[in-house]
Amino acid sequence: MFLNLSQVGQISLPVCDTDRAERFYEQALGLRKLFRFGDLAFFDCGGLRLMLEKTHAGQPAKSGACIYLRTPDLELAVRVLEERGVTFSSRPHLIAEMDDHDLRMAFFADPDGNRLALMQEAPRGYMRKV
């Protein structure tokens, strides 16, 4: 029997307040909301489903994961998100020089402290100032 586990269908993030998290992901990040079911909110991330799941009383809403969102223009995306109230813990910077492109990222968190990042795979030597 052949087993194919090559595609992730859904990622779950813990949140303390589903309403607040839903507003952040829909309004600040601009993700398309798929549906809401009780304390669960679901969003489309380019075919990958993101589930925001309310934690139970007394449980922390921390996860060790980081979700990396692709963008064709890192500086523009940072500027737009800052205008929407997002605070970045790390400004756009070079992560790695690959053979055919540069990998650049900027890091931030959602209202529950879940780590998020914007990533851009730009042509080699591409450095645009904000």
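Table for the structure above
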{"read-out": "Evaluation of residue 92 against (1) touching a helix residue (DSSP H, G or I) at 6+ places or on another chain (Cβ under 6 Å); (2) touching a residue at least 60 places away in the same chain (Cβ under 8 Å) (one fails), failing number", "value": "(2)"}
{"read-out": "Among (1) over 21 Å from residue 30 (Cβ atoms); (2) touching a residue at least 60 places away in the same chain (Cβ under 8 Å), the one test that residue 110 misses", "value": "(1)"}
{"read-out": "Residue in segment 118-130 that is within 21 Å of residue 14 (Cα to Cα) and among the hydrophobic types (A, V, I, L, M, F, W, C) present", "value": "yes"}
{"read-out": "Search result, residues across segment 30-52 that are touching a strand residue (DSSP E or B) at 6+ places or on another chain (Cβ under 6 Å) and either farther than 23 Å from residue 83 by Cα or of a type in the set (Asp, Glu) (or both)", "value": "34, 35, 39, 40, 41, 42, 44, 49, 50, 51, 52"}
{"read-out": "Sole exception among (1) under 30 Å from residue 124 (Cα atoms); (2) buried (at least 17 other Cβ atoms within 10 Å of the Cβ); (3) at pLDDT below 95 for residue 29, by number", "value": "(3)"}
{"read-out": "Unmet criterion (only one of (1) surrounded by 13 or more Cβ atoms within 10 Å (Cβ to Cβ); (2) among the aromatic types (Phe, Trp, Tyr); (3) modelled with pLDDT under 95) for residue 37", "value": "(1)"}
{"read-out": "Scan of segment 75-112 for residues that are more than 12 Å from the chain's Cα centre (by Cα), acidic (Asp, Glu) and buried (at least 18 other Cβ atoms within 10 Å of the Cβ), ordered by number", "value": "75, 112"}
{"read-out": "Any hit, segment 81-92, residues being in contact with a Gly (Cβ under 8 Å, 6 or more places away or on another chain), outside any strand (DSSP E or B) and small (Gly, Ala, Ser)", "value": "no"}
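The values are calculated or read from the model by the stated rules, or taken from the named source; none is laboratory data. What you see is a predicted model, and the numbers here were worked out from it, not measured in a lab. Cβ atoms come from the backbone with ideal geometry, glycine included; neighbour counts cover every protein chain shown.
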